[in-house]
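Presented below is the structure to which this report refers.
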Amino acid sequence: MIVREAKPRDLEALTFIDASYTTDTVWQVEERSQRDEISVTFRRLTLPRPLRAEPPRNTQPSLRLRPREGYLLVAEEQGKMLGYIEVALQAERDMGLIHSLVVAPNARRQGVGTALLNAAAQLARRQDLSALLLETQTKNYPAISFCQKNGFEFCGFNARHYATNDIAIFFIRDLRYM
């Protein structure tokens, strides 16, 4: 498998990669407000049956990102597209923002996502950025587990981030100590 910058000819093949996922576990959010305190708890919850879900917004890749701003990287093996990552490099925020990370269903759990993340981290470090930030839905437990396995730490949430009313959770990975 190789990870490289996408070329215009790659875009059509990338649009056919299925970004949906199946999970039987979600993070349930519970918020309690008292006079001088707000408490938020995330609890892992097992569903009664598997849930098939789509990302909350369009994950279709584009070449709109430009060097010094961001990149579209692809993972391929023998000419077959296995996945892609879009990362915007933002010097003013000292971080790279991952807009999408999609791995083909038959290539998941084989190191493709990790290879794409590591390539994005290398690009960010070359720009002297100190972190990568990504977001996912609380119901995307496979992505949550993947983030944690790859050194990302929970750093916040937004209950109004998506038009679908799904809750967004944010994870950050410090690049200074890698």
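Among the conditions (1) touching a residue at least 40 places away in the same chain (Cβ under 8 Å); (2) more than 12 Å from the chain's Cα centre (by Cα); (3) closer than 17 Å to P55 by Cα, the only one that S100 does not satisfy is (2).
Quick grid of which residues meet (1) part of a loop (DSSP other than H, G, I, E, B); (2) out of contact with any Ser or Thr (no Cβ under 8 Å at 6 or more places or on another chain); (3) not hydrophobic (A, V, I, L, M, F, W, C):
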{"site": "A13", "(1), (2), (3)": "no, yes, no"}
{"site": "T22", "(1), (2), (3)": "no, yes, yes"}
{"site": "V26", "(1), (2), (3)": "no, no, no"}
{"site": "E31", "(1), (2), (3)": "no, no, yes"}
{"site": "P55", "(1), (2), (3)": "yes, no, yes"}
{"site": "Q60", "(1), (2), (3)": "yes, no, yes"}
{"site": "L73", "(1), (2), (3)": "no, yes, no"}
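The set of residues in the range 107-154 being free of Cβ contacts under 8 Å to residues at least 40 places away in the same chain, farther than 18 Å from Y177 by Cα and not basic (K, R) consists of A107, Q110, G113, L134, E135, T136, S145, F146.
How about the range 132-165: which of its residues are within 15 Å of the chain's Cα centre (by Cα), surrounded by fewer than 20 Cβ atoms within 10 Å (Cβ to Cβ) and charged (D, E, K, R)? Matches in the range 132-165: K149, E153. For the range 139-166, a tally of residues being modelled with pLDDT under 95 and of a type in the set (V, I, T) returns 1.
Only residues that are surrounded by fewer than 22 Cβ atoms within 10 Å (Cβ to Cβ), touching a strand residue (DSSP E or B) at 6+ places or on another chain (Cβ under 7 Å) and not in a loop (DSSP other than H, G, I, E, B) were counted across the range 103-124, and they come to 5.
Here's the yes/no breakdown for (1) closer than 22 Å to E76 by Cα; (2) modelled with pLDDT of 90 or more:
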| position | (1), (2) |
| --- | --- |
| R9 | yes, yes |
| E30 | no, yes |
| R44 | no, yes |
| N58 | yes, no |
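The values are calculated or read from the model by the stated rules, or taken from the named source; none is laboratory data. Bear in mind that the values here come from a model prediction, so they are computed numbers and not experimental data. Quick reminder, even Gly has a Cβ in these numbers, built from the backbone with ideal geometry, and neighbours come from all protein chains shown.
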